[in-house]
Every structure is written in structure tokens, then in C-alpha cells.
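The values are calculated or read from the model by the stated rules, or taken from the named source; none is laboratory data. Computed from a predicted structure; not experimentally measured. For neighbour counting, all protein chains shown are included, and Cβ atoms are generated from backbone atoms with ideal geometry for every residue, glycine included.
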């Protein structure tokens, strides 16, 4: 189990103050706007930045008033957003650099389905492949804690789904405590068991994924977050173009309904009266 | 002209190359830890050390030469100590030239290596620490292999710059045949004695060598960039 309470002054008079416990096998997603301290928090956990407070894992102290364990001595796997692979080493060399355990390296390459590319240099891999190698490299230490800093944000949606499965598989195989920084609600829903929303360095909300992410109120059947892209007056009604996730939709509103809406505004769309029709695509 | 060429004394060139090779070799190993420290530190003393390292770029060679000459001579505590206890005399000797060149060419080795290290993605260095590796392993297995163009530039520019050195060499080494008379000093002497024919040949050789050396560096770096992309 990891148990921590870390504090650090950030820029702009914001201070980071985070406290929680996590068990092995738990998967926490951290959500929050940029500047809310997510990355700094991960870096403190990894030992890349100093902080006050304490971090304890099982009976081992990583951080307290007297102790500061350097990153080399912490049982941490860290996956950077920009992969941070060693460009001078091939895929398998990147893994073996962490630990000379050929069997484990081969096993991990099998999981991420990159055995065939093991002798290729990172420059010749696609973004998704690079991130899979980075993930495998992070697991070479068999870490107790796996930290993922927006690992999939630069990856196309199709590859992202595949990688999400692999992350989950590695998390379950090695029973790590995994902390993921992500903005994607669907990703958080698929992967994590818990979610914490950070604001100005503090946990604003935390709990089970459903409790935090599902934004339904009352008896609404459907609730979608959308952004208004365009509002046009057509005769006596208004046509409003909305982006719901990756999908564009056009709806018609009365002048009364459209009165308070602006282009660029974030809105919630809900409907009560109808039961949804679902078709497979 | 042909007669001049066949009678050409190549010893000053040989001394220049020997001096440049030894200086480059010594400086490479001095600069690695220094550049690594400068590239990684946020300490307040960093600008002081950087200024000290870069001084030879702005100082007139005569100023540097004067201080080194004084430092090596028995009038200074260091020179006295070296001579009395270790029996080392650095003034007007090849060894003295090497020490002087190391000061003179230091920024040309440190700066490219440091900037190569600084431009390396910080996450790669941190990924190495997170892989359980210390600073030394990270330096030799991750940092240096990924800044090869900077290393090559540093080595070649240092070498070429030491070959081209004149003022400091003249002041610290003098003009002793077979010991401290390097090519640039030999050219100066030829011009002084109005031996323009040989001055032409010497200068021409220096010009061509310098050009080829630089061409080699730029071509290599151009190719490396293409490989990286």
C-alpha cells in the first residue's frame, strides 16, 4: 500500500497539497486543468522533485523530514508523454538498459506485440509503437508504482484503444499501483478504479469513476457535454452546430432558448422524454 | 617554388599537430565533467564558472600569455613550487605550451559539449535515472552517445583552434626550433625576415588544412541531422 501526503509551493502562490492512500491493484486517474499540479505531483512521487510531507510504500519510506530517496532507489515505472526513449538504443536495448533480464524483456515485447521490431531504433517507430516501448521499459523494473503522465494524448484514437488495453493488461499482470494523468473521460472510465480531480494543487473531488464522471442530474436519461461551434438565425428559429466529443451535430432552437448561448460556450445537452435508439456502426 | 617545397621544413607543422592533439586529448577529459556539471546545475556559481571558462575568447592573447608566463616563472609561488619541488619548468617548453593551450582552448571544448548536453531532452536523462542508473552511467551510456555531433564539433574546433593559436604560444613558448616553434610562429618569423616565398607556402598549407577540417565537421553534422530525422 502507498500512503502519502505531499506539499510543495508551486508558481503563482498556488500550493500543492495532496493526501491519499492506495492499495496494490488500484488504478487512480488524475484529472484537472493544466497548471493544477498533476505533473508536479507525479514528479514528486518519482523523486524527480523535492517536496515536504511523507511518502510511504509498505514499510519503506521514500520521503519524510529526514529521508529523500532518489529516483534510482524508488520502485517506480514512469511513462512520459513524449516517450523519452533512448535514441541510441534499439527497442530491446532500451528495455535491457533498465535490467539485464532478457526473458522479461521478451515477455513484455510479446505483450505489446513488438517482438518483430526489437532491433529497430526508436526514430523508426510510430508514436503508438514508441509509447508501447516506453510502457514496456517502465515495467522492466517490475515497479510497485506505475506513473503515466498523459501517455496517450499524442496518439491517434484507434491506436489509443489498443494501448489502453495493454496498459490495463500490464497493470493487472504486475498488480501495480497505477496513477494515470488523463483528460479523456472515456479513457479514465475504461482504465481506472478511482478518480481524483485536482484544482489549484488540491484534490477537489475524489471517488469512484461513475460518481465523479457521470454528470447526470435528477431523472435525465441522457446528458452530453458539448461545445457550441456556430449559431445561425434561420427565419424564426436558430440552427446551432455542436461538437459532442469528436462528433458534430446540428440542432434547432427557439429564439428564447438560443438567447443566452454564445459561440465557444460549453454546454450540457440532456433529454428526458425519449428512450434512445441504438444502432451498431 | 619547387625548390622551396622540397626543402620545406615540416617540423613546425609537426609541433603544431602534436600540440593540438595533446591539448585536445587533455581538454576532452577535463571538459566532460565540467560541461556535465554546467549543463545540469542551477547553482548560483554557474555564471561565474561559465564566465571564467569563456574568458579566453574575449581576453587579448597577450594578457593570457602574460599571466601564464608570470604564473610559470619562478616569480610566482606556483612556478617556484613546480621548479623547486617537481623540477618542472614550463616557460619556453613544449609542456608549458600544452598547459597554456589548455587554458586558451578550454571554451572551444566546453561550450559545444555543454550546449549539446543542454539541448538533449531532459526527460531522457530523467528516464535513465528512473531506470535505476546513476549520473556516471547516464553520462556515458545515454548522454554522450546522443550528442555525437556536438562532441565531434568540440574536438575538431578545439584541435583547429589550437593549431591556429599564435599570441599565447609566442609569449609562453617563444620560438625555439624543434621545441616550441609551431607553424603560426614560423610564418610570423618568415614574414619578419622577408622570406615571403616560404610564408606563402606555409600559409597556403594552413589555409587548406583549416578549410578541410571545417568542411569535414559541417558535412558530418549535416549527415547526422538527416539520420536523426
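What the table shows:
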| item | result |
| --- | --- |
| Strands (runs of 3 or more DSSP E) fully within the range A:165-281 counting 3 or more residues that are outside the structural domain of residue A:38 (by TED's automatic domain parsing) and touching a residue at least 12 places away in the same chain (Cβ under 8 Å) | A:222-234, A:237-244, A:247-253, A:266-271 |
| Residue that is more than 14 Å from every other protein chain (Cβ to nearest Cβ), over 19 Å from residue B:32 (Cβ atoms), touching a helix residue (DSSP H, G or I) at 6+ places or on another chain (Cβ under 9 Å) and surrounded by fewer than 22 Cβ atoms within 10 Å (Cβ to Cβ), where the choices are B:174, B:132 | B:174 |
| Meets criteria (within 13 Å of chain B (Cβ to nearest Cβ), closer than 13 Å to residue A:132 by Cβ and in contact with a helix residue (DSSP H, G or I) (Cβ under 9 Å, 6 or more places away or on another chain)) for residue A:98 | no |
| Residue check for residue A:135: more than 20 Å from the chain's Cα centre (by Cα), more than 10 Å from chain B (Cβ to nearest Cβ) and part of a helix (DSSP H, G or I) | no |
| Output for the range B:136-166, where each listed residue is surrounded by fewer than 20 Cβ atoms within 10 Å (Cβ to Cβ), within 12 Å of chain A (Cβ to nearest Cβ) and either in contact (Cβ under 8 Å) with a residue 24 or more places away in the chain or under 20 Å from residue A:123 (Cβ atoms) (or both) | B:141, B:144, B:145, B:148 |
| Those residues of the range A:47-70 which are within 14 Å of chain B (Cβ to nearest Cβ) and surrounded by 22 or more Cβ atoms within 10 Å (Cβ to Cβ), in sequence order | A:47, A:62 |
| Residue match in the range B:104-111 (condition: touching a residue at least 12 places away in the same chain (Cβ under 8 Å) and farther than 20 Å from residue B:161 by Cβ) | no |
| Which numbered condition residue A:91 misses (of (1) under 26 Å from residue B:147 (Cα atoms); (2) more than 8 Å from chain B (Cβ to nearest Cβ); (3) under 20 Å from the mean Cα position of the chain (by Cα)) | (3) |
| Scan of the range B:179-207 for residues that are in a helix (DSSP H, G or I) and more than 16 Å from residue B:12 (Cα to Cα), ordered by number | B:192, B:196, B:197 |
| Candidate set: the range B:190-199, residues that are under 12 Å from residue B:8 (Cα atoms) and surrounded by 14 or more Cβ atoms within 10 Å (Cβ to Cβ); chosen: the one nearest to the chain's Cα centre (by Cα) | B:199 |
| Only one of A:75, A:90 that is surrounded by fewer than 19 Cβ atoms within 10 Å (Cβ to Cβ) and without any contact (Cβ under 8 Å) to a residue 60 or more places away in the chain | A:90 |
| Some residue of the range A:142-153 being surrounded by fewer than 21 Cβ atoms within 10 Å (Cβ to Cβ), within 12 Å of another protein chain (Cβ to nearest Cβ) and under 13 Å from residue A:108 (Cα atoms) | yes |
| Helices (runs of 4 or more DSSP H) fully within the range B:1-116 counting 3 or more residues that are in contact with a helix residue (DSSP H, G or I) (Cβ under 6 Å, 6 or more places away or on another chain) and within 30 Å of residue A:48 (Cα to Cα) | B:11-40 |
| Counted residues, the range A:138-164 - those being free of Cβ contacts under 8 Å to residues at least 60 places away in the same chain, more than 23 Å from residue B:131 (Cβ to Cβ) and in a helix (DSSP H, G or I) | 6 |
